[in-house]
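Reviewing the structure listed below.
The values are calculated or read from the model by the stated rules, or taken from the named source; none is laboratory data. Model, not experiment: these values are computed from the prediction. All Cβ positions, glycine included, derive from the backbone under ideal geometry; neighbour counts span all protein chains shown. What goes into the accessible areas is simple: the full protein's heavy atoms, side chains included, and nothing from ligands, DNA or RNA. Shrake-Rupley method; radii C 1.70, N 1.55, O 1.52, S 1.80 Å.
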Amino acid sequence: SDGQFVTKWGSYGSGDGQFGWPNGVAVDSKGNVYVADTDNSRIQKFTSNGVFVTKWGSLGNGNDQLSHPCGITVDSSDDVYVADSENGRVQKFTTNGQFVTNWGSTGNGDGQFNCALGITVDNSDNVYVTDICDNRIQKFTSNGHFISKWGSLGSGNGQFFAPGGMAIDSGGNVYVADTANNRIQK
């Protein structure tokens, strides 16, 4: 936590423990590390020391198939949520990669995405997703029921231009990397 180097793992490729443009990283309550392996359209799971555990996903749009997953997060039950960016949806899996559910479709209506990118959960396991091309944040229950949305294209307070990663603190404040505006918004 003080920036001292500890370890590293992985190399370019499509084998176990190799990556093609790794994007999102999440850690569960047991210290397992999940990586959104974007160009390989899969999720890989490792121990905290980088030992390969399992993988899931393949290119496609069926249940448990992915198309360039970017964001990944884990809730209090260690369920794994993936921003399945090019399929315009979120997918939910167990800690071992068993498909649970998915929600969303391509579009700009409530519960739709034009490139789901960042994803995180709050202390109540609500799921927040950045929609990079619609310049907004959407909030859902852990089962995918739409709760709310905010944001629009612009550079004013509460507006976004290509929002990317995000995080939530213990007080429920949402921090968004407002990428093309070169700033963080809380």
Among the listed residues Thr95, Thr73, Thr101, Thr120, identify the single one that is in a loop (DSSP other than H, G, I, E, B) and among the β-branched types (Val, Ile, Thr). Thr95
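Yes/no per residue for (1) open to solvent by 80 Å² or more (accessible area, probe 1.4 Å); (2) assigned to a strand (DSSP E or B); (3) at pLDDT 95 or above:
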site: Ser1; (1), (2), (3): yes, no, no
site: Phe5; (1), (2), (3): yes, no, yes
site: Gly10; (1), (2), (3): no, no, yes
site: Gly15; (1), (2), (3): no, no, yes
site: Ala26; (1), (2), (3): no, yes, yes
site: Ser29; (1), (2), (3): yes, no, yes
site: Val35; (1), (2), (3): no, yes, yes
site: Gln44; (1), (2), (3): no, yes, yes
Where Asn40 falls short, out of the listed (1) in contact with a helix residue (DSSP H, G or I) (Cβ under 7 Å, 6 or more places away or on another chain); (2) under 23 Å from Tyr12 (Cβ atoms): (1)
Could we say that Lys92 is more than 12 Å from the chain's Cα centre (by Cα), in contact (Cβ under 8 Å) with a residue 40 or more places away in the chain, under 27 Å from Ser170 (Cβ atoms) and open to solvent by less than 20 Å² (accessible area, probe 1.4 Å) here? no
Cβ-Cβ under 6 Å, sequence separation 6+ or interchain: first residue in the range 52-65 and at pLDDT below 95, partner surrounded by 15 or more Cβ atoms within 10 Å (Cβ to Cβ) and assigned to a strand (DSSP E or B). Which pairs? Asn63/Phe99; Asp64/Phe99
Failed condition for Phe19, given (1) buried (at least 21 other Cβ atoms within 10 Å of the Cβ); (2) touching a Gly at 6+ places or on another chain (Cβ under 6 Å); (3) within 18 Å of Thr95 (Cβ to Cβ), with all others met? (3)
When residues of the range 98-113 are filtered for being open to solvent by 60 Å² or more (accessible area, probe 1.4 Å) and of a type in the set (Gly, Ala, Ser), how many remain? 0
Residue check, Asn40 against (1) farther than 21 Å from Val127 by Cβ; (2) open to solvent by less than 60 Å² (accessible area, probe 1.4 Å); (3) out of contact with any Ser or Thr (no Cβ under 6 Å at 6 or more places or on another chain), all met but one. Which one? (3)
How many residues are buried (at least 18 other Cβ atoms within 10 Å of the Cβ) and either in contact with a Pro (Cβ under 9 Å, 6 or more places away or on another chain) or assigned to a strand (DSSP E or B) (or both) when one looks only at the range 135-148? 5
Is it the case that Arg136 is among the charged types (D, E, K, R) and in contact (Cβ under 8 Å) with a residue 24 or more places away in the chain? yes
Can you name the residue in the range 110-158 that is among the hydroxyl-bearing types (Ser, Thr, Tyr) and in contact with a strand residue (DSSP E or B) (Cβ under 8 Å, 6 or more places away or on another chain) and is also farthest from Phe93 (Cα to Cα) among such residues? Ser152
